[in-house]
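What follows is a single structure, written as C-alpha cells, with notes after it.
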Amino acid sequence: MTLSCVISSHDPTKRNERNKFQVSAAPSQTAVKPRNQELREAIEEYRVRFDELHKEKDQFLQFGRTGLWATVRNMNEEILVDLGEARNTVEYGFDDVRLDISLLIVEGNHNEQCLLDLVYDIVAEKVELGDEISRCAAGATDTKDALPESFYEFLNLLQRLSNSIAETTLYSFVSQNSVTDPERHLEFLQEAFEETDRAWNEEALPLMQFELDAMEYNRPLIVADNAQCLQEVIERQQTFEDSIRERIPSCM
C-alpha cells in the first residue's frame with residue numbers, strides 16, 4: 001500500500017501535506033542535469049586528463065623512436081666495421097706482392113713487360129673488388145632501410161592519433177549536445193578516455209614492442225649477410241693474389 005492511499009483524500013490538511021510530500025520527493029531537473037558551472041568543471045577535468053594522456057603517449061612514442069634509432073645505429077656501426085675491414089684488405093692486401101714485383105723489375109734481368117702486366121692485372125682486380133664491396137654495401141643498405149620502413153609509418157600514425165587525443169574534449173562538442181543532454185556528453189568523454197587508454201595499452205604498445213623485437217631479431221641477420229658478402233670479396237682477393245704469385249716465375 002502506498003503512502004497516498006493511507007492519507008484520506010477528504011481531509012484538506014492531510015491532502016495538502018500529501019501534495020507537499022509528493023513535490024519534495026520528485027527529483028528536480030536541476031538535480032539530474034549538471035548545472036552550467038558543474039558541466040564546465042567536469043569538461044575542464046576531462047580536458048586536463050586527455051592532455052595528460054596525450055603527453056604520456058608522446059613519451060611512449062619517444063621511447064619507440066629511441067629504441068628504433070639505437071637498433072639502426074648499432075646495425076650501421078657493425079656493417080661499417082665489416083666494410084672498413086674488407087676495404088683495407090682490398091686496398092693494402094696486394095702491397096706485398098706488388099713490392100716483390102717491383103724489386104724484380106728493379107733487378108733489370110727479368111721480363112719487365114710481363115711483370116708490368118701482372119701489376120696492371122692487380123690494379124684492374126682491385127677496381128673489380130671495390131665494385132663488389134660497393135655491391136655488398138648497397139644490398140645491406142637497401143635491406144636495413146626497408147626493415148624499419150613499416151615501423152616509421154606505424155610511429156607516424158600513432159603520432160597523429162596521439163595529437164588528436166589532446167583535442168578530444170574540443171571535438172566532442174561537434175558530436176555531443178551539452179545543452180540538451182549534458183549527462184550524455186560527460187558519458188561520451190568518459191567512454192572515449194577509457195577506450196583510448198585501453199587501445200594504447202592493449203593494442204598499440206604490444207604492436208610497437210613487436211616491431212622493436214623484429215628489428216632486434218633481424219639486425220644480426222642483416223649484419224651476417226653483409227659479412228658473408230664481404231667475406232667472398234676477401235677470399236677472392238686472396239685467391240687472385242695467389243694466382244699472381246704463381247705467374248711471377250713465368251716472367252723470370
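The values are calculated or read from the model by the stated rules, or taken from the named source; none is laboratory data. These figures come from a predicted structure and were not determined experimentally. All Cβ positions, even for glycine, are placed from backbone atoms using ideal geometry, and neighbour counts span all protein chains on display. These accessible areas exclude ligands, DNA and RNA; they are computed on the full protein's heavy atoms, side chains included. Shrake-Rupley method; radii C 1.70, N 1.55, O 1.52, S 1.80 Å.
Which of the peptides 117-124, 136-143 is most tightly packed, and how do the rest follow, judged by the mean count of other Cβ atoms within 10 Å per residue?
Sorting 117-124, 136-143 by mean packing, highest first, produces 136-143, 117-124.
Assigning unit charges at the beta carbon (Lys, Arg +1; Asp, Glu -1) and nothing else, what dipole magnitude in debye, to the nearest 20, does segment 76-251 show about its Cα centre?
300
Quick one: which residues, 5+ away or cross-chain, put their amide H under 5 Å from the amide H of residue 93? H built at 1.01 Å from N.
none
Given the convex hull over the Cα atoms of segment 50-144, what projected area results after averaging over all orientations, in nm²?
About 7.9 nm², averaged over all directions.
Please list 114, 251 from largest to smallest accessible area, probe radius 1.4 Å, with all protein chains kept in place.
Solvent-accessible surface, decreasing: 114, 251.
Specify the inter-centroid distance of segment 66-82 and segment 117-132, based on alpha-carbon positions, in whole Å.
One Cα centre to the other: 31 Å.
Which ³J(HN,Hα) values, rounded to whole Hz and listed in residue order, are derived for segment 78-93 from phi using the Karplus coefficients 6.51, -1.76 and 1.60 in 6.51 cos²θ - 1.76 cosθ + 1.60 with θ = phi - 60°, glycine and proline given as x?
My calculation for segment 78-93 gives 5, 5, 5, 4, 5, 5, x, 5, 5, 4, 5, 4, 6, 5, 10, x Hz in order.
Give the calculated FRET efficiency between residue 131 and residue 199 to the nearest 0.05, with a Förster radius of 51 Å applied to their Cβ-Cβ distance.
That pair, residue 131 with residue 199, gives E of 0.50.
Give me the distance in nm between label points sitting 7 Å out from Cα along the Cα-to-Cβ direction at residue 109 and residue 159, one decimal.
In this crude label model, residue 109 to residue 159 measures out at 7.5 nm.
Name the residue farthest towards the positive end of the dipole of segment 116-252 from the options 166, 140, 155, assuming +1 on Cβ of Lys and Arg, -1 on Cβ of Asp and Glu, about the Cα centre.
In segment 116-252, that residue is 140.
Using the Kirkwood radius over Cα pairs, work out the Stokes-Einstein diffusion coefficient for segment 76-251 at 4 °C and 1.567 mPa s, in µm²/s as a whole number.
This corresponds to a translational diffusion coefficient of 60 µm²/s.
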